């Protein structure tokens, strides 16, 4: 189905209509703030029409992803134009369209540039009626930055962001954070989240070849995206929801993997978007909490971990074990 130039893929997870409907945007970004905001607003309209409850956008939703340039000035200009405070009126209009506890669109998760103390941070923000998205406690700053990002962004602290909703508890990562197992483990074992949302600008192209084994891939980074979302879910017994850019960057010319999707707490992939084209994934009636409880009834990794390592304390290495 095509609507407003987006291919929409819909699936139904359960018959329980009290559970949330989730939209994951697998879209192509543009180094143009107005174009990206217009695209966001169109997708939000679709979310309202489809009675979506939770909408997830990729990394740096408003500005599009950065690029390597001999002259970084245009990148700085783009980040300054799209910085979160600069689009406050547009965000207010979006927030005012949301409902709370009424069966409509209630949460929008997006990533954008934030200026703080004359530094830029790549941050996750939450739009919902009951939260002030500008408050520190509801902002997550990306911890792990790639070399190209370090030119423009400062590193976030170890402060995590998790929120409680009536459907379950959600934690947040941004792109490269996905490569480090400690952060998802903290979300799952310490914060007790039911789902981890990853917003990304994850590229596809990298070569790995094992010639004697007659094995090669040109899309190693894409392989990692699929692998890490599945393993993040399986190792931690949480839902993994990933929203990624897709297609070619108009300035940097690199390709993004797309492959946005939904992985169950078993680690099994339930639905994944195109690696080439823009798509909106809509999954109805997702049983966030009950499905995670089902997995834990089989084997509860947290309990087994806690029992074995009861005397250990790893606060400095990213694993904190807390006695009950």
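The values are calculated or read from the model by the stated rules, or taken from the named source; none is laboratory data. All figures in this text were calculated on a predicted structure; none of them were measured in a lab. Neighbour counts are summed over all protein chains in view; Cβ atoms, including those assigned to glycine, are modelled from backbone coordinates with ideal geometry.
Things to note:
- Residue match in the stretch 201-212 (condition: more than 16 Å from residue 57 (Cα to Cα), in a helix (DSSP H, G or I) and out of contact with any helix residue (DSSP H, G or I) (no Cβ under 6 Å at 6 or more places or on another chain)): yes
- Some residue of the stretch 184-195 being within 21 Å of residue 225 (Cβ to Cβ) and part of a strand (DSSP E or B): yes
- Checking each residue in the stretch 73-103 for being surrounded by fewer than 15 Cβ atoms within 10 Å (Cβ to Cβ) and not in a helix (DSSP H, G or I) picks out 99, 100, 101, 102, 103.
- Total residues in the stretch 135-162 satisfying the condition of being surrounded by 20 or more Cβ atoms within 10 Å (Cβ to Cβ) and either in a loop (DSSP other than H, G, I, E, B) or in contact with a helix residue (DSSP H, G or I) (Cβ under 7 Å, 6 or more places away or on another chain) (or both): the figure is 6.
- Considering only residues in the stretch 218-249 that are closer than 22 Å to residue 39 by Cα and more than 13 Å from the chain's Cα centre (by Cα), the one that is surrounded by the most Cβ atoms within 10 Å (Cβ to Cβ) turns out to be 246.
- Some residue of the stretch 222-232 being in contact (Cβ under 8 Å) with a residue 40 or more places away in the chain, assigned to a loop (DSSP other than H, G, I, E, B) and in contact with a strand residue (DSSP E or B) (Cβ under 7 Å, 6 or more places away or on another chain): no
- Conditions (1) surrounded by fewer than 17 Cβ atoms within 10 Å (Cβ to Cβ); (2) at positive phi; number of the one not met by residue 16: (2)
- Test: residue 84 is under 20 Å from the mean Cα position of the chain (by Cα), modelled with pLDDT of 95 or more and closer than 24 Å to residue 18 by Cβ: no
- So residue 252, is it over 19 Å from residue 187 (Cβ atoms), assigned to a strand (DSSP E or B), over 14 Å from the mean Cα position of the chain (by Cα) and touching a residue at least 60 places away in the same chain (Cβ under 8 Å): no
- Within the stretch 114-128, restricting attention to residues that are farther than 11 Å from residue 84 by Cα and over 20 Å from the mean Cα position of the chain (by Cα), the residue that is surrounded by the most Cβ atoms within 10 Å (Cβ to Cβ) is 119.
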